[in-house]
1. Find all pairs meeting these conditions: Cβ atoms under 7 angstrom apart; at least six residues apart or on different chains; first residue within region 1-30 and over 18 Å from residue 134 (Cβ atoms); second residue among the charged types (D, E, K, R) and in a loop (DSSP other than H, G, I, E, B).
2. Filtering region 10-51 down to residues that are hydrophobic (A, V, I, L, M, F, W, C) and assigned to a loop (DSSP other than H, G, I, E, B), which residue is surrounded by the fewest Cβ atoms within 10 Å (Cβ to Cβ)?
3. Can you name every one of the strands (runs of 3 or more DSSP E) wholly within region 96-194 that holds 2 or more residues which are in contact with a helix residue (DSSP H, G or I) (Cβ under 6 Å, 6 or more places away or on another chain)?
4. Exactly one of these conditions fails for residue 93: (1) touching a strand residue (DSSP E or B) at 6+ places or on another chain (Cβ under 9 Å); (2) exposed (fewer than 14 other Cβ atoms within 10 Å of the Cβ); (3) without any contact (Cβ under 8 Å) to a residue 60 or more places away in the chain; (4) farther than 25 Å from residue 18 by Cβ. Give me its number.
5. Between a first residue in region 178-189 that is free of Cβ contacts under 8 Å to residues at least 40 places away in the same chain and of a type in the set (A, V, I, L, M) and a second residue that is in a loop (DSSP other than H, G, I, E, B) and buried (at least 19 other Cβ atoms within 10 Å of the Cβ), which pairs have beta carbons less than 9 Å apart while being 6 or more apart in sequence or on different chains?
6. Kindly list the number of the only condition in (1) in contact with a strand residue (DSSP E or B) (Cβ under 9 Å, 6 or more places away or on another chain); (2) surrounded by fewer than 16 Cβ atoms within 10 Å (Cβ to Cβ); (3) under 24 Å from residue 21 (Cβ atoms) that fails for residue 137.
Amino acid sequence: MARDWNNAYETGDTPWDKGYASPPLLEFLKRQAVTARVLVPGCGSGHDVRALAAEGADVVGMDIAPTGIRKAEAFPASGQERYVLGDFLNLAAEHCGVYDWVVEHTCLCAIEPGERAAYAAAVRRALKPGGHFLAVFFREVSQCNGDGPPHPISREETDALFLDAFEQVEAFVPMASYPSRPVGAEEVVWWRLR
């Protein structure tokens with residue numbers, strides 16, 4: 001059953017929001033610049049958006065929850081960033097074919113597994129030809145009983161979703177993570193749209 005994301009933000013039931021940007025994303029940014037136009041689907045309070053904007057990217061954070069967007073907009077801007085209310089799985093025309101990067105952190109693991117093909121199609125639609133998809137995938141979720149979210153995703157599953165349209169540039173297990181996530185539970189994968 002789909003979660004009521006707006007209610008989660010209104011009631012503060014947001015265990016995924018640690019109050020700062022994803023450590024694996026920050027680790028990647030030390031290795032590789034993410035520039036030009038960037039879309040962050042499921043941006044929530046915008047911590048990853050602000051980290052990318054601080055590095056000089058022109059970033060759009062998108063979320064389906066109006067309260068999540070309001071929380072993101074309440075923070076001081078750290079660069080060129082804006083927030084839009086939208087359903088990434090049903091991407092509006094103005095967001096199609098205009099981004100150089102899509103940066104994924106907790107959106108894919110939050111949606112129902114049956115929606116993953118729609119998610120992969122939305123990534124392809126959002127990107128310009130030759131665009132980049134950077135993802136922090138949850139490979140293991142402690143105490144996962146199958147109900148989720150979060151829903152872990154295996155390497156085989158991500159390959160099946162993305163390899164038809166993308167080539168992998170790099171993949172690594174980040175050494176930096178939130179304290180609640182053990183090293184090895186996440187994998188950073190950088191793809192390029194063919």
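1. 2/112
2. Checking each candidate, the answer is 33.
3. Answer list for region 96-194: 99-104, 127-138, 186-193.
4. Residue 93 satisfies all of (1) touching a strand residue (DSSP E or B) at 6+ places or on another chain (Cβ under 9 Å); (2) exposed (fewer than 14 other Cβ atoms within 10 Å of the Cβ); (3) without any contact (Cβ under 8 Å) to a residue 60 or more places away in the chain; (4) farther than 25 Å from residue 18 by Cβ except (1).
5. Close Cβ pairs satisfying both conditions: 183/174.
6. Status for residue 137: all satisfied but (2).
No value in this document is a laboratory result; all are computed from the given coordinates. All figures in this text were calculated on a predicted structure; none of them were measured in a lab. Note: ideal-geometry Cβ built from the backbone for every residue, glycine included; neighbour counts use all protein chains shown.
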